[in-house]
Amino acid sequence: MRFFLDANILISVLNKEFPQYTYTSRILSMTEENKSVTLVTTNICLAIAFYFAEKKHGEVQAKKKIGLLVEHLDIADCGNREAISVMQNKKIHDFEDGLQYYAALHSNCNCIVSNDQDDFYFSDLPVYNAERFFRKYV
């Protein structure tokens, strides 16, 4: 199974943001326990997560944290195909959320994990917050 992780899930782990960290940290460890699970994100989500980690921990620590994080993630394409798809979908108002959605969709993810579920109101994929996802899959 393939699960897409939104930037806020990554930020929660990198910055140990409670109460979400209780769930998000265990979600990230899923690949160690279950080799049939692939966690997916985009370079955009990583850039957003780095920005917030750098603000809290400084550049050196943020780079170390991102480096550890990417060892557990598959990076989905987020390019021309996804941008065109967003522009063609009149239901999508937030371009960045649309990019994440189409990256997840085009990389065959089973769902999106985001603590901002409402951002994906247009999604045909199921969207779970970290706690709901944890209770369903972990």
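A short reminder: the numbers here are calculations on the coordinates, not readings from a lab. Owing to the predicted nature of the structure, the values given are computational and were not obtained by experimental measurement. Cβ sites come from the backbone with ideal geometry, for glycine too, and all protein chains shown count toward neighbours.
Between the range 84-138 and the range 20-62, the alpha-carbon centres lie 17 Å apart.
From Cα pairs below 8 angstrom and at least 6 apart in sequence, can you work out the relative contact order of the chain, rounded to a whole percent? The partial results should precede the final answer.
Details: 196 pairs, mean separation 44.2, N = 138.
It comes to 32 percent, rounded to a whole number.
Straight-line reach from K16: taking Cα to Cα under 18 Å and skipping same-chain neighbours fewer than 8 places apart, the lysines in range are K55, K56, K63, K64, K65. Computed on the range 1-109, the Cα convex hull volume stands at 103 Å³ per residue.
Once the other residues with Cβ under 10 Å from the Cβ of N8 are scored (Lys, Arg +1; Asp, Glu -1), what is the net sum? Before the final figure, lay out each step's value.
On the way: positive: none; negative: D6, E17, D116, D119.
Charge balance near N8 sits at -4.
Electrostatic bookkeeping for A104 treats Lys and Arg as +1 and Asp and Glu as -1; over the other residues with beta carbon under 10 Å from its beta carbon, the sum is -1.
Evaluate the range 56-138: find the radius of gyration of its Cα atoms, find its Kirkwood radius, and give the ratio Rg to Rh.
Rounded to two decimals, Rg over Rh is 1.02.
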